[in-house]
Amino acid sequence: MTAQMDPQHAQYVAAQVADARVNVELETEGMTLNIGPQHPATHGTLRIIVRLDGEQVTEVDPVLGYMHRGYEKLAEVRTYPQVTTLINRIDWVGSFANEVPFVLASEQLMDIEAPERAQYIRTILFELGRIANIVLFLGDMGVQLGAVTPMFYALRDRELILNQIESATGGRFHPNFNRIGGVKDDLPAGWLQDTKSAIAKIMSFCDQAEGLIVGNEIFQERTRGVGVIPADVALTYGLTGANVRASGVDWDLRRDSESPLPYDKVDWKVWTHPDGDSFARYWVRLQEVRESCRIVDQLLDSLPSGPIMAKVPRIIKVPAGEAYVATENPLGEMGYYVVSKGGLEPFRVKIRTASFSNMSITPWLLKGAYMPDVVTILASLYFILGDLDR
Amino acid sequence: MLGLELAYWQETIIKLVLAFGVVLVPAGATVYLYLFKMVSFMQSRLGPMEAGPYGSLQLLAELGKSAQKEDIFPERADRFVFAAAPYVVIISSFLLALVVPFGPDAMFVNFDTGIFFALAVSSVSVIGVLMAGWASASKYSLMGGLRAAGQLIAYELPLVLAVVGVVIQAGTLNMSKIVEAQIEGEIFGWGAIGNPFILTQFVAFFIFFIAVQAELTQTPFDMPIAESELVAGYMTEYSGFRFLMFFIGEFATANIFAFLGATLFLGGWSVPPFVTDLIGIDPYSEAFNYIGPIVMITKMLLITFVIYWVRFTYPRFREDQLQRFAWKVLIPLALANIAVTGVAKVVF
């Protein structure tokens, strides 16, 4: 045993040693359980090898890469406008948000800035993507806990948001709407009004989720005090997004980073929760959807007129240089480190996705948890497989 | 039976057909009504709409689908036990149906210890579940089977103790006599609605209902099945017709527990005495052998409605929480109910 053994594991070992006298005769071999790659709790193809003592987890080993598609390499052989098509598929439920940091990084390298109206449209669609993404989580958490009904309410109301994304961009899941220097099209007629009514529906869904799920005794019993991440551990493992805010760290890139997106022009709040348990993560995300609704609502009211594209050359050549731009995506911080050698294609694109870092805490977090809680803790961390193995 | 003179073999054949009718027809009805339609409306969708008008033939389609599927045995499964497990589970539901009275004479067997028999055979399904969990040679099935066994045994106790309250009040274990006690009963001398035991034994009914929900492994007590973590618990490795048998067994057992609940707490096959007085027929007359089953099915549908309503509303308990709930809340409550009932029985 090394001195670096973490306290949770040390506690487990100490308990085992204390029971050793009793256990000598009753000692049973643990069981290794393979959760996945095909398993309903993994939302795709994630494999988690858990070592069980009865129903208690003693060791966790997540195995990633079953859905690795090599996007970083693929991006190197595509021109800049082509890359946005590709990276849409990283976090496939909030796709629009994937494009934004890459386009911002490219714009930063080319030293151009999209016109104000384009930035507003970007932000509105960004937030709609966030709503589409997190509303799915709000329903899915119910499914993981055995309540199927909230999922259908989530899908029903999320549909309205997807309709709005589709009517503006032409794609429900993969908009591919950002261009370097602006956005592809202006918003269609009547879109603002329709979006407002969709937002109102989402607001009422949030109230419903608050009553049906957050207020439910069994839900609280299952999530409060389960999967607790203290703030310092969360920061050590590089958690971002709602997961770190649920541990009481007040940190949101929309507010805390320099960005051309007009978040500073609207009135909204970053929610945190001191507990750091599964319940806190759910609660913070619920509040986040509400804040996103408020942001969209205010941006729709103050949408400026003007062009939607800056002057950019027909063939986009990015001058040599390096840029890292990260934004607060639905799952957490998503950043693109773009290296250009002055050609049509990026020389190297490093993609930092939130789910990958969020997953890294699971071996620490799931140790000592009960088997039924493994599923709910994983669900509350909220990862999208495409975001995990890009 | 029914005042007809029949040879033993004729009577046996009729009973056999009726037994299948009593178990399978309501099971199909509740699957269609509640699992397909009511739940769909709860979840703002339509449910099956293609097979027949409003999807009414969906059950046949499901049956055909299951019958066509390959009957898969896992490689390392204990083949005999694996194959036998669904039969054990479904036999338990058939045995349960034996003692339920559907009218003054319309019943399969008139046991003097009817309710005792029913509660005893309801535990037979635990063996089937354990067999399925063990023989599948799958870790998920094993965990599901063990959880199910632990849960079914834990909730068997409050179930029995809840029924004891009714038995004390009725003064008999015979199911027909329990129904009679409810018809003859009076509430402080007012006998217009008889005395359905739900009025006096509401605590017992509450415990009975929760215990039944747990015995059926329905949400919020569906930890043994827990599709988001154990895939389908002890049923994970089953496919095709054998899975269908588990499925039918689950719904048939739900109905028969609802029949039991109706008999014990809602007056069974009888209608409130003021109705029979109004029409002017004897509540024990021959006519009730035909009206009785309809009344029973109505009451059964009421109870199963609540069962499925709860099932599709709540998330599930973790297994230590549900064990704690059984041992620390339900059983003491049921014992207190028995004590109060005993005292009240002496006083009144």
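The values are calculated or read from the model by the stated rules, or taken from the named source; none is laboratory data. Only a predicted model underlies this, so the values are computations on that prediction, with no experimental measurement involved. Neighbour counts run over all protein chains shown; Cβ positions are idealised from the backbone, glycine included.
Of the residues making up the range A:98-119, those that are in contact with a Pro (Cβ under 6 Å, 6 or more places away or on another chain) and part of a helix (DSSP H, G or I) number 3.
If the requirement is being among the polar types (S, T, N, Q) and at pLDDT below 80, which of these qualifies: B:Thr219, B:Thr236? Let's see the steps before the verdict.
On the way: B:Thr236 fails: at pLDDT below 80.
Of the residues listed, the single one that is among the polar types (S, T, N, Q) and at pLDDT below 80 is B:Thr219.
Give the residue, chosen from A:Met151, A:Met141, that is in a helix (DSSP H, G or I), touching a helix residue (DSSP H, G or I) at 6+ places or on another chain (Cβ under 6 Å), within 14 Å of chain B (Cβ to nearest Cβ) and over 25 Å from A:Thr195 (Cβ atoms). Working first, answer last.
On the way: A:Met151 fails: over 25 Å from A:Thr195 (Cβ atoms).
Only one candidate qualifies: A:Met141.
Output the strands (runs of 3 or more DSSP E) that fall wholly within the range A:17-79 and possess 1 or more residues being surrounded by 12 or more Cβ atoms within 10 Å (Cβ to Cβ), of a type in the set (Lys, Arg) and modelled with pLDDT of 85 or more, or say none. So that I can check it myself, show each step before the final result.
Details: elements: A:31-35, A:47-53, A:56-63.
Result: A:47-53.
Exactly one residue out of B:Val271, B:Val231 is among the aliphatic types (A, V, I, L, M) and within 14 Å of chain A (Cβ to nearest Cβ): that is B:Val231. Of all the residues in the range A:210-236, those that are buried (at least 20 other Cβ atoms within 10 Å of the Cβ) and within 19 Å of the chain's Cα centre (by Cα) number 3. When B:Leu59 is tested against (1) free of Cβ contacts under 8 Å to residues at least 40 places away in the same chain; (2) farther than 20 Å from B:Glu156 by Cα; (3) out of contact with any Phe, Trp or Tyr (no Cβ under 8 Å at 6 or more places or on another chain), just one condition goes unmet, and that condition is (3). Restricting attention to the range B:170-184, the residues that are in contact with a Ser or Thr (Cβ under 9 Å, 6 or more places away or on another chain) and within 19 Å of B:Val343 (Cβ to Cβ) total 1.
Among the residues in the range B:254-261, are any within 19 Å of B:Leu152 (Cα to Cα), among the hydrophobic types (A, V, I, L, M, F, W, C), surrounded by 20 or more Cβ atoms within 10 Å (Cβ to Cβ) and within 14 Å of chain A (Cβ to nearest Cβ)?
Initially, the range B:254-261 is screened for residues within 19 Å of B:Leu152 (Cα to Cα), giving B:254-258, B:260-261.
In the following step, the residues that additionally are among the hydrophobic types (A, V, I, L, M, F, W, C) were identified as B:254, B:256-258, B:260.
Still in the list and also surrounded by 20 or more Cβ atoms within 10 Å (Cβ to Cβ): B:254, B:256-258, B:260.
Those still in the list that are within 14 Å of chain A (Cβ to nearest Cβ) too: none.
Scanning the range B:254-261, I find no residue that is within 19 Å of B:Leu152 (Cα to Cα), among the hydrophobic types (A, V, I, L, M, F, W, C), surrounded by 20 or more Cβ atoms within 10 Å (Cβ to Cβ) and within 14 Å of chain A (Cβ to nearest Cβ), so the answer is no.
Among the residues of the range B:203-220, the one identified as assigned to a loop (DSSP other than H, G, I, E, B) and among the hydrophobic types (A, V, I, L, M, F, W, C) is B:Leu216.
For first residues located in the range A:311-337 and at pLDDT 90 or above, partners that are loosely packed, with under 14 Cβ neighbours inside 10 Å and lie 6+ apart or on another chain with Cβ distances below 6 Å form the pairs A:Tyr337/A:Lys350.
Is it the case that B:Leu46 is more than 14 Å from chain A (Cβ to nearest Cβ) and not polar (S, T, N, Q)? In short, no. Tell me, which residue of the range A:369-390 that is part of a loop (DSSP other than H, G, I, E, B) and away from every other protein chain (no Cβ under 14 Å) is surrounded by the most Cβ atoms within 10 Å (Cβ to Cβ)? This residue is A:Tyr382. Taking first residues from the range A:211-233 that are facing chain B (nearest Cβ under 9 Å) and partners that are among the hydroxyl-bearing types (Ser, Thr, Tyr) and assigned to a loop (DSSP other than H, G, I, E, B), the Cβ contacts under 8 Å between residues at least 6 apart in sequence or on separate chains come to A:Asn216/B:Tyr314; A:Ile218/B:Tyr314.
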